Ligand code: IVH
């Protein structure tokens, strides 16, 4: 067949595929048998294999090509499904424990529940009166997709539990995964076992899920009320008693040294397991301590995933290109001769920053050792100097931004009294093309506006086609034009429209994170949202040049304030935020309005006993109070610990602010 004919035939098959998807998934009115449907799908996949120029966003090779999220009802998790922070080496582990001791303000003997980290997909199962009622995927951690029927096809998931001590209302959480052996049989359709599990779980038709053998191992809970279970390890034992599968290798260990030893041993043993494990999870065993330690924005303070060490390989640097991030950071990337590292073909490796290139004297043509660990970006760890060509010259880092030509600088860090290792483009805003694209990618990302129909590649494509230049353009897309683009069918356009519409309702903290101010990450965006309460107030602070008032917020300092000022000094940034706030429905942060400390502001001075500042702050916030960082009329209570700052106490006295000892403060909380 000629090129044109192949393309025509391929498009014909794709249109059939799209039509039947719609009939099946959206209208629930299939007009062909499953067999015939599979045949069409296979034919498309075969054509793509044979003629590599064929590709389409609607192809079944693209994330299954169907099972759009719109087909699943969404449900808010009663307790968020968080991820874990990672430790890659012993130093990271030691820091993890140090942070715990700092938070608790003392050293305590810890016990850890140690659990293999299976590389699958997490799911949450709600049981009411012993019956499995609703099952959800993790989704964005706050809201998941309801996939109950698909989960019901998994044999490891009990549908009914009769044990007397099984809680009346509980979310059981665990990992859905596929074994290595089963993956072997399916490997032509999926990139790795994790994708296979994910694809299978999100099938609209549970019968399809049944075809791919999935397993479930339980490891934690979401919503659950009990004062009987005191330890994670006891919870794991109860899970087993109630009929769930738990990991046979779960154990309890005490010291960091024991953890390191076990990790080393398990790292080798894991190859004999029947499923993929990418690390070990360590959780503080005492549930009471877990409760005290609480969470940061995305992960618990009481747990960490200790990843297995990376696979590595040697390859040659063909080119060094400079990527520009959304905050203007210039990141050098080595384009290497493609090399297989632990089953994945790697052709790019990060060189981190200018200083790293200088320190390692990395040059074009060098043979380098590249390391890859799990989902972390591969990086260059050393140069094989024996293989260096005699003529090779030092790499000169560009002094101007390769995208917009602006001057680049290394900022001076007042705290460390050193220049940053990272060089940045000085263009703040949307005049630098690369920064603008990255800002838009950040805007749509999961923790920000969470527009899952609009991936990074689509942003790049739409940019090239002049469809978007600013975030607000996303809400004004010409869908007619898009449906005429190659690779876009009716189904994919309607999915895109749906996810964009869904994103219009957003909480204030997510929005403040999405606009992409440097140094305003998820955690700081939350602090700002809690303080300003509404987007109107926030813009009020900006308009009145009142940003210094945010210094009152405990956790916000000069770095964040200066960054906010710089951001809003740029008129186009201000216009974008204003425009977006009129297009979107930005809801106030849902605050706990019923806590005992509602409308009360606190400040600490001096050392607290048995508790760090961070824990004290979180305790106040859990009870609807807020913590400020300066003594002024807005402050209601000054809490004094050991060796308080006299100036603060006197200031508070003169303003008539109530002064409390730690004990008096705690008694307010009962
Ligand atoms: S605990 C807040 N335990 O790892 C607690 N997670 O990055 C979070 N995982 O999404 C989960 N084995 O998919 C936990 N024994 C285990 C786990 C485990 C695998 C996965 C899970 C989660 C991710 C965390």
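No value in this document is a laboratory result; all are computed from the given coordinates. These numbers were taken from a predicted model, which means no experiment stands behind them. Heads up, the Cβs are rebuilt from the backbone with ideal geometry, glycines too, and the neighbour counts pull from every protein chain shown.
Below is a table of values for the structure above.
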item	result
Segment residue 431-residue 664, extension gain: residue separation times 0.36 nm, minus the distance between their alpha carbons	78.4 nm
Three-way shape call for segment 233-391 based on the alpha-carbon gyration tensor, with the a/c threshold at 1.5	prolate
Amide N of segment 521-536 lying under 17 Å from the label point, which is placed 7 angstrom from the Cα of residue 574 along Cα→Cβ	536
Spacing of the two label points (7 Å from each Cα toward its C-beta) at residue 46 and residue 2, in nm	2.4
Euclidean distance of C-alpha centroids, segment 157-222 and segment 614-656, integer Å	49
All-pairs Cα distance distribution in the chain, expressed in whole percent, bin size 10 Å	3, 12, 20, 26, 23, 12, 3, 1, 0
Amide N of segment 311-335 lying under 18 Å from the label point, which is placed 7 angstrom from the Cα of residue 391 along Cα→Cβ	317-320
Calculated [θ] (222 nm, deg cm²/dmol) that DSSP helices of n ≥ 4 give over the chain, each run adding -39,500 (n - 2.57)	-10500 deg cm²/dmol
Spin-label model distance (nm) - residue 11 vs residue 160, 7 Å beyond Cα toward Cβ	5.6
Spin-label pair residue 109/residue 384, simplified geometry with 7 Å Cα→Cβ offset, distance in nm	5.1
Segment residue 321-residue 634, length gained on full extension (0.36 nm per residue, minus Cα span)	107.5 nm
Length added when fully stretched, residue 169-residue 420, from 0.36 nm per residue minus Cα-Cα	85.2 nm
Three-way shape label, segment 569-670, alpha-carbon gyration tensor, a/c 1.5	prolate
